[in-house]
Amino acid sequence: QVQLVESGGGLVQAGGSLRLSCAASGKIFSINAMGWYRQAPGKQRELVASITSGGSTDYVDSVKDRFTISRDNAKNTVYLQMNSLKPEDTAVYYCRGDVRPTIFSGFNNYWGQGTQVTVSS
């Protein structure tokens with residue numbers, strides 16, 4: 001009923017940039033926090049960046065000076081601008097949103113399908 005659709009992943013050389021997008025669709029009353037996670041082969045999934053409904057952001061230390069998370073509430077979309085990419089950024093990136101379908105509902109977590117980001121050396 002609620003879907004998160006991601007785009008923007010791909011192959012890029014070290015030092016390059018990518019911009020990931022994640023649009024939520026379906027029955028949506030409101031969206032609270034949204035975040036980007038990543039999972040590299042053989043590694044646990046980690047939270048990369050998060051943003052509250054009011055626009056407050058947080059980042060994992062390894063990306064703090066290189067990545068920027070933002071959102072467009074009118075479009076129910078969250079973005080991740082990734083600059084100065086490094087090979088260690090290579091992972092599948094997942095979008096997550098805390099979505100309230102109706103005024104009568106509580107929030108529930110929804111995940112995107114994941115998009116591959118590969119950074120070559």
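The values are calculated or read from the model by the stated rules, or taken from the named source; none is laboratory data. In this text the structure is predicted, and so the values were computed from the model without any measurement. Cβ placement follows ideal geometry from the backbone for every residue including glycine, while neighbour counts extend to all protein chains displayed. Quick note on the areas: whole protein, heavy atoms, side chains included, nothing else; ligands and nucleic acids left out. Shrake-Rupley method; radii C 1.70, N 1.55, O 1.52, S 1.80 Å.
Ligands, DNA and RNA left out, the accessible area of the stretch 1-67 computed with a 1.4 Å probe is 44% carbon and sulfur. Y110 sits among other residues whose Cβ lies under 13 Å from its own Cβ, and their net charge, with Lys and Arg +1 and Asp and Glu -1, is +1.
The eigenvalues of the Cα gyration tensor, multiplied by 5 and square-rooted, give the chain an equivalent ellipsoid with semi-axes of 26, 14, 12 Å from largest to smallest. 3J(HN,Hα) along the stretch 68-83: 9, 9, 8, 8, 10, 5, 5, 9, 6, 10, 10, 10, 9, 8, 10, 10 Hz, from the Karplus curve 6.51 cos²θ - 1.76 cosθ + 1.60 with θ = phi - 60°, whole Hz, x for Gly and Pro. Taking the accessible area of the stretch 74-121, probe 1.4 Å, and keeping the other protein chains in place, the carbon and sulfur fraction comes to 50%.
With only the Cα atoms considered, the stretch 54-114 has a convex hull volume of 109 Å³ per residue.
Enumerate the aspartates and glutamates that K43 could reach by cross-link, defined here as Cα to Cα under 19 Å, with residues fewer than 8 away along the same chain left out. Hits, sequence-local ones excluded: D61, E88, D89.
Of all DSSP-defined beta bridges confined to the chain, some 90% are antiparallel rather than parallel.
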